[in-house]
Each structure stands twice: as structure tokens, then as C-alpha cells.
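**Q** Okay, handing you the structure first.
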Amino acid sequence: MTLVQLKHFVVLAERGSYVQAATALFLTQPALTRSIQALEDELGGPLFDRIGRRIGLTPFGHEVLSRARRLVADAEALKQTGKGLHAGLIGGLRIGLSSGPGALLSTPLMLHMAQHHPRLHLQISRGNTSVLIDELREQHLDALVVDVRSVRPSADLDIAQVFELGAGFLVRPDHPLLQRGQPVRIDDALAYPVASTPLSDEVARILIGLFGPKANPDDMVTLRSDETLSLVEVARRSDAIVLTVDAAAPGLVPLSMSPPLAATARFGLVTLAQRQPAPALRILRQWLQDWTLANVPAVNAR
């Protein structure tokens, strides 16, 4: 088998159509068919079920696909290295950011790339942590910066450069609850809309442990979105209370709670274990290290 055949297989599996795959690969349909048949002959089994004009992966095809993607991606990374990818001057980097990191890091990261690596193709994808992890495993992304409390331990994932930032209930400076001049109890806070991104089970346990069952995010949160910046803007323009990272909400102030909420968000860099990393990933690692040194208390960065 060849890497070309494996690439043909991956593209056909993703497109689900010989017509679309052949067009994407700049091949004729007969040429693509011969390539796939030769690969099937060498592997010893059919990769696709063919039902009329439709095709779908066989169970064997599903098993082969993940390995084929890895080989094709590793070969592409090595190709870029072989061409002399240097200091991020050329190439690409595909990064996934969950809600909190997206609000904090998207703009400064793009500014850094624009100023220091203008020929590097940077793609930032935003979304829910679980969705981004699926994209990483499918090798559609090179790395993630996400809430590591929401990442289930797994042998195929590496988590590094973990850092923590203060978080809590935040409101606009003239919010009615601040006029009381004293810590706020959960019952008083729940008289107002509470906004948040999806929270991990660990954070939910902390909230319930401090404030009781009423603080269960499933019941407490009335405005939920994956976009932190949208929730912060709602809190700026209304009496809504947003539960988020302090640094992601300039212009808002912490709401002093009784009992006190000493919460943090824990973010980190997630990559696939044993995968040949994209050459430009080292740029992200260095930038993230510099950003945390400048923005995160030293005791929390590790």
C-alpha cells in the first residue's frame, strides 16, 4: 500500500461519494476506484459497503480509518518539516478553544501570529470541550486549550501547561446586589438570571457543597451558552449574574458570596499522545508559556 492510496481512502470515507472524492482529489472516478480496490486487495478485506450509488464504511473500514488518518497526518507533518518549516514562517496550525480560553486567548493569539508569523495559516475553532476532543481525535485539530476539568482521563490524550485563573459570580458595578454592602446569599442571587457556560461535574460539586442543592447548575443557570463573551455582554447590560473567569469579564466586578466562593478555572493544552506534532505547535507552546507568565500568578502556572 502507499500513502497516496491511504489518502484516497480517507478522503472517500469523509466525502462518502466517489464523485465528490474524485473531484476533491483531482482524479477520475475509475482511477479512484482502482486505487481503493488495490488497497482492499492488499489489506485483505472490503473497506466500503456499496449499496447502489451510496457507500458506507464496513466495520473493517472503520478500524482502518483511524490508523490511515494518523499515517496521512504524520506524513504531512514530516513533509512540512522536510521542506524546512522554520520558526513558523510557513505551514499551518489548527487550534481548538473552549469557551473560557476562547474569550481570553483568541485575540492575543491571532495578534501574535499576525505580527510574528504572518505566513503561518492559523485556524481557530471554538466549541464545547467534548466536541473539540472528538475533532482532535479525528485529527481535524492539532491541539486544544480547554477546561481540563471537563476532560476525561484517557491514554490517548496528553495534557500539559495547566494554569488556573480566578473565577466566580460577576455583575455590573451598579448591580442592585452590590448596593447592600454585604456578602450575598445564594437565595438572593437566584432572584436574578444566572448565566454560565456548561460547567464540569467537579465545579458543580463545589457549588452544591458550598451553597446547597439550589446551586446545582442544571437548576441555577438560566442563561447557558458556549460563548463566554456573549454572556459577559448580557451581564454588562442587565441585572444578570455571570459565573465565569474574572479575566474574561473586564468591566464586571466579583459578587461577594456567603459562604465565600474561592473558585478557579483550570485550563491546559491538550494534544494526541504518540502523534507526530504539527511543526508549528512549538510556537503555540512557547506563546502560551509567555502568556501565562504575563497573566497568571506564578503559583498557579505549572
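The values are calculated or read from the model by the stated rules, or taken from the named source; none is laboratory data. Quantities reported herein were computed from a predicted structural model and do not represent experimental measurements. Backbone-built Cβ (ideal geometry, glycine too); neighbour counts: all protein chains shown.
**Q** Select, from Arg275, Arg282, Arg266, the only residue that is assigned to a loop (DSSP other than H, G, I, E, B) and charged (D, E, K, R).
**A** None of the others qualify; the one that does is Arg275.
**Q** Return yes or no: is Asp142 over 25 Å from Asn295 (Cβ atoms) and within 22 Å of the chain's Cα centre (by Cα)?
**A** Judged against the criteria, Asp142 is not a match.
**Q** If you don't mind, there's one more thing I want to ask. What about Gly168, is it within 30 Å of Leu284 (Cβ to Cβ), touching a helix residue (DSSP H, G or I) at 6+ places or on another chain (Cβ under 9 Å) and part of a loop (DSSP other than H, G, I, E, B)? Spell out how you get there, then give the answer.
**A** Working: within 30 Å of Leu284 (Cβ to Cβ): yes; touching a helix residue (DSSP H, G or I) at 6+ places or on another chain (Cβ under 9 Å): yes; part of a loop (DSSP other than H, G, I, E, B): no.
In short, no.
**Q** Can you tell me which residues in segment 188-224 are of a type in the set (A, V, I, L, M, F, W, C) and in contact (Cβ under 8 Å) with a residue 60 or more places away in the chain?
**A** Ala189, Val203
**Q** Let me ask you something else. Consider segment 273-292. How many of its residues are in contact with a helix residue (DSSP H, G or I) (Cβ under 6 Å, 6 or more places away or on another chain) and not small (Gly, Ala, Ser)?
**A** Residues flagged as in contact with a helix residue (DSSP H, G or I) (Cβ under 6 Å, 6 or more places away or on another chain) and not small (Gly, Ala, Ser) within segment 273-292 amount to 3.
**Q** Look at Gln286 and say whether it is within 24 Å of Ala160 (Cβ to Cβ), touching a residue at least 60 places away in the same chain (Cβ under 8 Å) and among the polar types (S, T, N, Q). First the steps, then the outcome.
**A** On the way: within 24 Å of Ala160 (Cβ to Cβ): yes; touching a residue at least 60 places away in the same chain (Cβ under 8 Å): no; among the polar types (S, T, N, Q): yes.
Taking the combined requirement at face value, the residue does not satisfy it.
**Q** With respect to the numbered conditions (1) within 20 Å of Thr107 (Cα to Cα); (2) surrounded by 16 or more Cβ atoms within 10 Å (Cβ to Cβ), which one is the sole condition not fulfilled by Leu255?
**A** For Leu255, the failing item is (1).
**Q** Run down Arg119, Arg180, Arg126, Arg149 and say which single residue is within 11 Å of the chain's Cα centre (by Cα), more than 19 Å from Arg275 (Cβ to Cβ) and surrounded by fewer than 19 Cβ atoms within 10 Å (Cβ to Cβ).
**A** Arg126
**Q** Looking at Glu202, Glu233, can you tell me which residue is more than 21 Å from Val146 (Cα to Cα), within 24 Å of the chain's Cα centre (by Cα) and either among the charged types (D, E, K, R) or modelled with pLDDT under 95 (or both)?
**A** Working: Glu202 fails: more than 21 Å from Val146 (Cα to Cα).
Only one candidate qualifies: Glu233.
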